[in-house]
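> After the structure tokens below, expect a handful of questions from me.
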Amino acid sequence: MVLKAFCTRTSALLHQRFCSDYVKQMRYLFNLKEDDDACRQALTSGTFYLFHNLAPLLQKSKEGNTAPQINASEVNTILEKMGQQEMKLEDSVLIDCSEREVAQFALDLGLLEKSALESNLQGKFVDLRKALLLLNGKNAPLLMKAQALLRWHASNQYCSQTGQPTQKSVSGSKRICSANGKIYYPQMSPVVITLVSDGSRCLLARQEAFPAGMYTALAGFCDIGETVEDAVHREVAEEVGLEVEAVKYTGSQHWSFPDSSLMIACHATVHPKKTKILLNKFELEDAHWFSVEEVLMALNRGVFLKGESGTVPVWVPPKWAIAHHLIQEWAQQQIR
């Protein structure tokens, strides 16, 4: 019995010693998600990204804008200073941990007065889309994950079966119905984002709500029962009236706008003699075929919000968006 216990402990120590840093971090996060007491303990030494009504806090310095991580004691001090003892660190959601296994959380302080918070924190709460541009994409995955989790919890306060309140686990990895114990997990909606090519050109489109001049790849939600390939074929047919011949998956990205989605990026090809666009004006404002030279100019232009002469040239989504990578990937393949 003693030998068995010794071997078990030795095996666990050896396993821990030879695990990669990434595996250790993932195991640590898993434990925090499953063990409420462990997560409560991690809260006391963790760091926090702060939000106000889903807008992240930014601070400005000589180096530019940053999304600061505020330690637990500072957050508690601010809450006490503003007379909000009823708000607690456990209202946060776990989003990640550092290489040294310091847990990282996100906390929305939307119940508190915004200007007073900004004064205490020496920063500004900025709409997430604008914040990501100001940060040049830095911390984009974490901030989008944080906002998506905070929004999901705010929208799932009650059980769909019993109508009774649901309770958040300490980490925020799930909610549990107080009446029947049903567990709800945060979800994402699958979306295909597709760059269509006829071999020498690619198709870019825009919606009326887009900023002036911005064109991007086609995108649409997957319907229930569809495969990714089915969704690509249907979306291209619906939006621009083209029939796809081949589909190739290239990557994915979590996207929190307008709600939490998993963007599944694909390249699609159509027959070079069947390229007439039949625009679905219910879905799109415009769609065009672009040469590789035009695409390269748009990629090099970056985010273009104002034109000097009142006109706005064609530009594409910023570098931290998977649409940019999809378009850039196609352009690089064309010039090889």
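> Per the Kirkwood definition applied to all pairs of different Cα atoms, how many angstroms is the hydrodynamic radius of the chain?
Working: mean 1/r = 0.0437 Å⁻¹.
Evaluated on the chain, it is 22.9 Å.
> Quick one: order Thr44, Thr275, Thr66, Thr166 from most to least accessible surface, probe 1.4 Å.
Working: Thr44 90, Thr275 30, Thr66 55, Thr166 5 Å².
From most exposed to least exposed: Thr44, Thr66, Thr275, Thr166.
> While we're on this one: So, taking all protein chains as they sit and a 1.4 Å probe, how much accessible area belongs to Cys97, in Å² rounded to tens?
Using a 1.4 Å probe on the heavy atoms, I get roughly 10 Å².
> Using a 1.4 angstrom probe, figure out how much accessible area the chain has per residue, in square angstrom, rounded to the nearest whole.
Result: 56 Å² of accessible area for each residue.
> Gly251's amide H: which non-local residues (gap 5+, or another chain) put their own amide H closer than 5 Å, with H modeled 1.01 Å from N in plane and none for Pro or chain starts?
Distant-sequence amide H within range of Gly251: Ala265.
> Expressed as a rounded percentage, what relative contact order does the range 102-203 have, with Cα pairs under 8 Å and six or more residues apart?
Working: 69 pairs, mean separation 13.7, N = 102.
Value for the range 102-203: 13 percent.
> Any idea how far apart Lys130 and Asp21 come out in nm if each label point goes 7 Å out from Cα toward Cβ?
So the two model labels end up 3.6 nm from each other.
> How high is the relative contact order of the range 221-286, in percent, counting Cα pairs under 8 Å that sit 6 or more residues apart?
Working: 83 pairs, mean separation 21.3, N = 66.
Averaging sequence separation for qualifying contacts and normalising by length gives 32 percent for the range 221-286.
> Please list, ordered by chain and number, the residues whose modelled amide H lies under 5 Å from the amide H of Phe105; skip anything fewer than 5 residues away on the same chain.
For Phe105, whose amide H was placed from the backbone, the distant partners under 5 Å are Thr47, Phe48, Tyr49, Ile95.
> Separate question: What number, rounded to the nearest 500 deg cm²/dmol, is the helix-based mean residue ellipticity at 222 nm of the chain, given -39500 (n - 2.57) per DSSP H run of at least four residues and division by all its residues? Before the final figure, lay out each step's value.
Values: 10 runs with 118 residues, N = 336.
Using -39500 (n - 2.57) per qualifying helix, the result is -11000 deg cm²/dmol.
> Just the accessible area for Asp259, please: 1.4 Å probe, Å², rounded to the nearest 10?
Accessible surface of Asp259 is approximately 90 Å².
> Something else: If I compute solvent accessible area with a 1.4 Å probe over the protein chains, what percent of it on the chain is carbon and sulfur? Let's see the in-between values first.
Numbers: 9900 of 18960 Å².
Percent of accessible area from carbon and sulfur atoms in the chain: 52.
> May I ask what percent, to the nearest 5, of DSSP beta bridges between residues of the chain are antiparallel? Don't jump to the answer; show the numbers that get you there.
Details: 42 of 57 bridges.
Bridges in the chain that DSSP calls antiparallel: roughly 75 percent.
> Ok, one more. Take Phe210, Phe221, Phe282, Phe51 and sort them by solvent-accessible surface of the protein heavy atoms, 1.4 Å probe, largest at the top. Please list the in-between numbers first.
On the way: Phe210 50, Phe221 110, Phe282 185, Phe51 0 Å².
Per-residue accessible area, sorted high to low, gives Phe282, Phe221, Phe210, Phe51.
> With a cap of 11 neighbouring Cβ atoms within 10 Å, and only residues DSSP puts in a loop, list the trypsin sites (Lys or Arg not before Pro) found in the range 140-205.
Details: sites: Lys145, Arg151, Lys168, Lys174, Arg175, Lys182, Arg201; in loops: Lys174, Lys182.
Here no loop site has a sparse enough neighbourhood.
> Near Lys276, which lysines are there with a Cα under 28 Å away, not counting those fewer than 8 places off in the same chain?
Lys248
> What do you get for the angle between helix 292-301 and the principal long axis of the chain? Use alpha-carbon atoms, 0 to 90 degrees, nearest ten.
40 degrees
> Now a separate question. Under the rule of at least 5 residues apart or a separate chain, name every residue whose amide H is placed under 5 Å from the amide H of Val196.
Distant-sequence amide H within range of Val196: Leu203, Leu218, Ala268.
> Hey, another quick one. I'd like the accessible area for Lys138: 1.4 Å probe, protein heavy atoms, all chains in place, Å² to the nearest 10.
Looks like 130 Å² after rounding.
> Another one. Roughly how tilted is helix 2-18, in degrees to the nearest 10 and between 0 and 90, from the longest Cα axis of the chain?
Taking Cα atoms only, the helix is inclined about 40 degrees.
> Still on this model: Taking a threshold of 22 Å on the Cα-Cα distance, which of the pairs Lys124/Lys145; Lys81/Lys168; Lys33/Lys88; Lys273/Lys319 fall above it? List each step's numbers first, then the result.
Details: Lys124/Lys145 20 Å; Lys81/Lys168 26 Å; Lys33/Lys88 18 Å; Lys273/Lys319 32 Å.
Listed pairs above 22 Å: Lys81/Lys168; Lys273/Lys319.
> Could you please put Glu34, Glu99, Glu329 in sequence from largest to smallest accessible area, using a 1.4 Å probe?
On the way: Glu34 110, Glu99 155, Glu329 60 Å².
Descending accessible area places them as Glu99, Glu34, Glu329.
> Using Cα atoms only, what is the angle between the long axis of helix 228-240 and the major principal axis of the chain, expressed in degrees (0 to 90) to the nearest 10?
For helix 228-240, the angle is close to 50 degrees.
> Report the relative contact order of the chain, percent, no decimals, based on alpha-carbon pairs under 8 angstrom and at least 6 residues apart.
Numbers: 567 pairs, mean separation 45.9, N = 336.
Averaging sequence separation for qualifying contacts and normalising by length gives 14 percent for the chain.
The values are calculated or read from the model by the stated rules, or taken from the named source; none is laboratory data. From a predicted model like this one, the values you see are computed outputs, not experimental measurements. Don't worry about glycine lacking a Cβ; one is built from the backbone with ideal geometry, like all the others, and counts go over all protein chains shown. Side chains are part of the model used for accessible areas, which takes the heavy atoms of the whole protein and leaves out ligands, DNA and RNA. Shrake-Rupley method; radii C 1.70, N 1.55, O 1.52, S 1.80 Å.
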